[in-house]
1. When the dipole is taken about the Cα centre of segment 225-300, and only Lys, Arg (+1) and Asp, Glu (-1) are charged at their Cβ, what size is it in debye, to the nearest 20?
2. Calculated from DSSP H runs of 4 or more alone, at -39500 (n - 2.57) each and per residue, what is the 222 nm mean residue ellipticity of the chain, nearest 500?
3. Please label the shape of segment 35-194 as rounded, prolate or oblate, based on the square roots a ≥ b ≥ c of the eigenvalues of the alpha-carbon gyration tensor (a/c under 1.5 means rounded; beyond that, a/b larger than b/c means prolate, else oblate).
4. Most fluctuating residue of Ala199, Ala258, Ala160 in a GNM of the chain with Cα springs under 10 Å: which is it?
5. Ignoring ligands, DNA and RNA, what accessible area per residue does the chain give at 1.4 Å, in Å²?
6. Within the chain, what whole-number % of the accessible surface is contributed by carbon and sulfur, with the 1.4 Å probe and all protein chains included in the calculation?
7. Using the crude model of +1 on Lys and Arg Cβ and -1 on Asp and Glu Cβ, and no other charge, please compute the dipole size for the chain relative to its Cα centre, in debye to 20.
8. Using a 1.4 angstrom probe with every protein chain in place, what is the largest-first accessible-area order of Met161, Met375?
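The values are calculated or read from the model by the stated rules, or taken from the named source; none is laboratory data. Everything quoted here is computed from the prediction, not taken from an experiment. We place every Cβ from the backbone using ideal geometry, glycine too, and count neighbours over all the protein chains shown. What goes into the accessible areas is simple: the full protein's heavy atoms, side chains included, and nothing from ligands, DNA or RNA. Shrake-Rupley method; radii C 1.70, N 1.55, O 1.52, S 1.80 Å.
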Amino acid sequence: MQPMDSALTQLIDRIQAAATAVQPLRIRGGGSKDFYGQTLQGDILDTRALQGIVSYEPSELVVTVRAGTPLTELESALAEQGQYLPFEPPHFATSTGNVATVGGMVASGLGGPARAAVGNVRDYVLGVKIINGKGELLTFGGQVMKNVAGYDVSRLMTGAMGTLGVIAEVSLKVLPVAVAEATLLFHLDEASAIKQLNAWAGKPLPVNASCWVNDKPGDKISGNDNPSLYVRLRGAKAAVEAAFQTMGGERKDGAAVAADWNALREQTLPFFARQNDECLWRLSVPDTTVPLDVGETLIEWGGAQRWVKAPASEATRLRTAADRAGGFATCFIADHAYPTRGEAIFHPLKAPLDRIHRDLKRQFDPANIFNRGRMYAD
């Protein structure tokens, strides 16, 4: 524990000095999510010294791990026990390799293709240790699902982008890997795909993930020049086989299709290649929303998540479309190099919710030193 104690002490000392000087700090693990958020400000506060799995009880489906631990290390340890992180957190490998950390996974709160079926990162966070803006080490939650009283601060840290505190350690619920898996392919247009996904959602089917994309010749995911809906089934072997008989479609199994789902998670499918001034926009809308006619689109999560490529100048049009549908639009990846983003990255919050966000920030980080401006302009 001595290396951990030393690493924590150094981080706490630096945070306390920064708070006294009102000097902004940019919390950073591997930097794989540097593209995400409003701006990057302050001196880097590197969390990678906080490494290692503190405890792992496979029989209890609980693991406690330090925030700077590489995500690949955690996933490998779970895989050895036939377990995994069901929400499939993206790694977003950089030019220096697969550098994603557990802390970054929690702070960004991003889930992969299975998110709509199994829940998001916050649904698996049982407890955290954080360092607040005063340099205090605080513990919230625990290692069991029932250990929650008052405000659920542990899950509040998920998706906060490091604006409330430095995550030092996190306890997570994990699950066994599914016994069976299959992918079904259907050639449907966008409207028909959304309608069919919602029809399946009302039935007891082991649907784990979905992706609708207008494939083009040579695209990795199918090579077909037509709109295609891919549906991944996961669960007991009998359930997967019965669902295939009920749903129909062209069955695709094996390593090739598994690589395609991984490419969707990591946004390396051909759809995600952007040209010139295109940004990648993420539209979160009710899953029953009809096609939005906002440009080239890829649909996940049964219709609830829609990726669109469009210039930053289209922000008003996209956000208006999302608003009308009862959702919101985020400029997930800007068209230019960070950290000099000029446009609003996140969908503007309504006044009451914006006030709550800012009040929470003041409570956890009074001097406003953590990831200043990352979620909204200061």
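1. Around 420 debye, computed over segment 225-300.
2. After summing the helix terms and dividing by the residues of the chain, the value is -8000 deg cm²/dmol.
3. In terms of gyration-tensor shape, prolate.
4. Ala199
5. Ligands and nucleic acids excluded, the result is 44 Å² per residue.
6. Details: 8780 of 16700 Å².
Its accessible area is 53 percent carbon and sulfur atoms.
7. Result for the chain is approximately 780 debye, rounded to the nearest 20.
8. In descending accessible area the options line up as Met375, Met161.
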